[in-house]
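The values are calculated or read from the model by the stated rules, or taken from the named source; none is laboratory data. These numbers were taken from a predicted model, which means no experiment stands behind them. Positions of Cβ are generated from backbone atoms using ideal geometry, with glycine treated the same way; all protein chains shown enter the neighbour counts.
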Amino acid sequence: MAAPNFWDNQESAQKTVQALKKLKALVEPMDGVITAADDIAVMLELLEEEDDAQTREELESDLGRLGKQVDRVELLALLSGPNDARDCFFSIQAGTGGADAQDWAAMMLRMYLRYFERNGYAAEELALKEGEEAGIQSANLLIKGPYAYGYLSCEMGVHRMERISPFNAQGKRQTSFASVDVVPELDDINIDIDWDKEVRDDTYRASGAGGQHVNKTSSAVRLTHLATNIVVQCQNQRSQHKNRASARKMLMSKLYQCEQAKRDAELAKVYSEKGQIGWGYRIRTYTLQPYRQVKDERTNHRSSDVDGVLDGDLQEFINAELRRRVSKRK
């Protein structure tokens, strides 16, 4: 990176920067643990020579910080899957519940965008479909950052919201659903696809922000794999060619993941039961009425800080699911 011509090739440079971030995500936490442990060892020697109240107080504080650092390193050790370190495609789809579900999908999109911001992930919007009355019908993002797929794969499944509906004149409690799908971005796969015969290629005018050009040209691309009925779409670029290239990359990743799912009972269950985004394979329930609580159905991890969770405070839920996965493997 110190080379004078490093930034001459922007694409290559960005790949190097991303590789550096992933390496730092591994090395820096371990370095922090070693440094903190050395500092604590020095404090213990000082206490052996003279029992000082201030030194003892500092020691207790440093031990608390060290415990958190060790937890972080332990979690990184759990992310040992072949694709865990990769970037990923992240999708939200509104399900059963009409306007409430579309509003809930928009709330989830904001929740995850706050989570990405807090954790230093870059989120690139690929496609966004607005709801008919409120919220969104779907959103497709590309998430870039260390272990993006490893962490976010813990969020894959149906998310259930219970609240007093803002769209119900009688003020009744409404249950609505939205799903999250996560697929690793795979640059090194080669799946034989006859793009002319096996995939339906539709173009349409992009909606939303982007100026007059976006609305006047059919630059958005939707690809449908006919055999599996997998649909991907991309509209963030003005160029139809670039949108098609991104959509093909996403479709290849999804097809690869489906092949992997056939050999993985748990992932196969997720894909089969998510056909209807409703009462099937729900992973988490967010309750605003008659009480306030977020509960993960897999780990039984709970939080009464609903506002904090909806503002992106999701890491404890993700950590609990990572530990559950490891315990199941044992």
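Assorted remarks:
- Among the residues listed as G64, G32, G95, the single one being surrounded by 15 or more Cβ atoms within 10 Å (Cβ to Cβ) and over 22 Å from Y147 (Cα atoms): G95
- Selected residue (criterion: surrounded by the most Cβ atoms within 10 Å (Cβ to Cβ)) from residues of segment 138-192 that are of a type in the set (F, W, Y) and more than 13 Å from the chain's Cα centre (by Cα): F177
Residues are listed down the side, and each one gets a yes or a no for (1) exposed (fewer than 12 other Cβ atoms within 10 Å of the Cβ); (2) under 29 Å from the mean Cα position of the chain (by Cα); (3) at positive phi:
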position	(1), (2), (3)
A2	yes, no, no
N5	yes, no, no
Q10	yes, yes, no
T55	no, no, no
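- Of the residues making up segment 18-28, one or more are at negative phi, in contact with a strand residue (DSSP E or B) (Cβ under 7 Å, 6 or more places away or on another chain) and touching a residue at least 12 places away in the same chain (Cβ under 8 Å).
Every residue, every condition in (1) within 30 Å of Y286 (Cα to Cα); (2) in contact with a Phe, Trp or Tyr (Cβ under 8 Å, 6 or more places away or on another chain); (3) at pLDDT below 85; (4) assigned to a strand (DSSP E or B), yes or no:
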residue	(1), (2), (3), (4)
A178	yes, yes, no, yes
V183	yes, yes, no, yes
I189	no, yes, yes, no
K197	no, no, no, no
D201	no, yes, no, yes
A209	no, no, yes, no
N243	no, no, no, no
S246	no, no, no, no
M250	yes, yes, no, no
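- A85 assigned to a helix (DSSP H, G or I), surrounded by 12 or more Cβ atoms within 10 Å (Cβ to Cβ) and not charged (D, E, K, R): no
- Selection count where residues are surrounded by fewer than 18 Cβ atoms within 10 Å (Cβ to Cβ), modelled with pLDDT under 85 and not in a loop (DSSP other than H, G, I, E, B), scope segment 211-240: 5
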